[in-house]
Amino acid sequence: NCELKFDGLAINLRYERGVLVQAATRGDGETGEDVTQNVRTIHCIPLHLNGCTIDVLEVRGEVYMSRKDFERYNERQRAQGLPTLVNPRNGAAGSIRQLDPALAARRPLSFFAYGLGEARGWRSPATHSAVLDALAAMGVPVSGERAVVRGAEGLVEFHRRIAARRDSLPFDIDGVVYKVNSLALQAQLGFVTREPRWA
């Protein structure tokens, strides 16, 4: 499974029976900051998942600021003689981490899911790509810039395609990510400390 590596702030959304109950930064992988109030102001993040009664579903993803929203925000700030943001990544991270939800609400933030944390009471699909499709069906934003490919040539071709379009993408990326699509194989491969062997 080939995906983009979004340049923003990693966030964990915890849904219980389809209702968003907590949002936290990924922190050191164990503990993160609770940023629920600020994340609730991001319009594209659903507070209720469509048709979802799963006991616990943790959605992992990235909060980011699109290039167009970044430019528009800075234009508005300049017109009012207010401070501008340095880049979209700092804009996203600073908005989520600062203390005033009203200020976060004025910053135009977006979100893409790229995986799962804890899932309790759900027989998840067999593949990572099907998990992303299922999340999209529940109303969670998932990037369309992804592909399931076979072999090294498929990986190289995805990279080539994204590299050619990188500057015209509506958001900044750090590169691409390749993930083993089978969740059973992911479980078998496991992790080295916090780093997955399957990505």
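The values are calculated or read from the model by the stated rules, or taken from the named source; none is laboratory data. This structure is a prediction, so every number in the text was calculated from the model and none was measured. Glycine gets a Cβ as well: all are built from the backbone with ideal geometry, and neighbour counts include every protein chain shown. Calculation scope for accessible area: heavy atoms of the full protein, side chains included, ligands and nucleic acids excluded. Shrake-Rupley method; radii C 1.70, N 1.55, O 1.52, S 1.80 Å.
Largest first, the residues TYR114, TYR178, TYR64 sort by 1.4 Å accessible area into TYR178, TYR114, TYR64. Any chance you could give the angle, 0 to 90 degrees and rounded to 10, that helix 67-79 forms with the longest Cα principal axis of the chain? Orientation of helix 67-79: about 10 degrees from the principal axis. For the chain, the Cβ-based charge dipole about the Cα centre amounts to some 340 debye (Lys, Arg positive; Asp, Glu negative; other atoms uncharged). Using a 1.4 Å probe over the heavy atoms of the protein chains, calculate the carbon and sulfur portion of the accessible area of segment 1-56 as a whole percent. Percent of accessible area from carbon and sulfur atoms in segment 1-56: 45.
The angle between the Cα long axis of helix 151-165 and the main principal axis of the chain comes to about 10°, on a 0 to 90 degree scale.
Given a 1.4 Å probe and the protein chains as shown, THR53 ends up with an accessible area of around 100 Å².
CYS52 contributes an accessible area of around 10 Å² to the protein surface, as traced by a 1.4 Å probe with all chains present. Enter the Cα centre distance for the pair segment 158-179 and segment 58-118, rounded to the nearest angstrom. Going from one Cα centre to the other spans 20 Å. On the beta carbon distance between HIS48 and ASP174, with R0 = 22 Å, the FRET formula returns roughly 0.10. Surface composition of segment 111-172: carbon and sulfur make up 52 percent of the accessible area, probe 1.4 Å. Remark: spin-label model distance ALA105-ARG194 equals 3.2 nm, labels positioned 7 Å along the Cα→Cβ axis. Pair-distance distribution P(r) for segment 79-172, from all Cα-Cα distances in 5 Å bins starting at 0: 2, 9, 14, 15, 16, 16, 13, 8, 4, 2, 1 percent.
A simple count of charges around ASN50, restricted to other residues whose Cβ falls under 14 Å of its Cβ and scoring Lys, Arg +1 and Asp, Glu -1, yields 0. A DSSP coil position with no more than 12 other Cβ atoms inside 10 Å describes none of the trypsin sites (Lys or Arg not before Pro) in segment 1-94.
Calculate the FRET efficiency for LEU185 and TRP122 from the Cβ-Cβ distance with a Förster distance of 22 Å, rounded to the nearest 0.05. So, using R0 = 22 Å, E works out to roughly 0.70. Here, segment 122-199 yields an orientationally averaged convex hull projection of 6.5 nm² when only Cα atoms define the hull. Give me the Debye-computed log₁₀ of I(q)/I(0) at q = 0.12, 0.13, 0.14, 0.15 Å⁻¹ for segment 1-98, equal point scatterers on Cα only, no solvent, two decimals. Calculated log10 I(q)/I(0) at the listed q: -0.46, -0.53, -0.60, -0.68. Among GLU75, GLU33, the sequence by solvent-accessible area, most first, with a 1.4 Å probe is GLU75, GLU33. Rolling a 1.4 Å probe over the protein chains gives PHE191 an accessible area of about 120 Å².
Taking every alpha-carbon pair in the chain and binning the separations at 10 Å intervals from zero gives 8, 33, 36, 19, 4, 0 percent. When the helices of the chain are scored as -39500 (n - 2.57) per DSSP H run of n ≥ 4 and the total is divided over every residue, the value at 222 nm lands at -9500 deg cm²/dmol.
Could you compute the net charge surrounding VAL21? Neighbours are other residues with a C-beta less than 12 Å from the C-beta of VAL21; K and R count +1, D and E count -1.
-1
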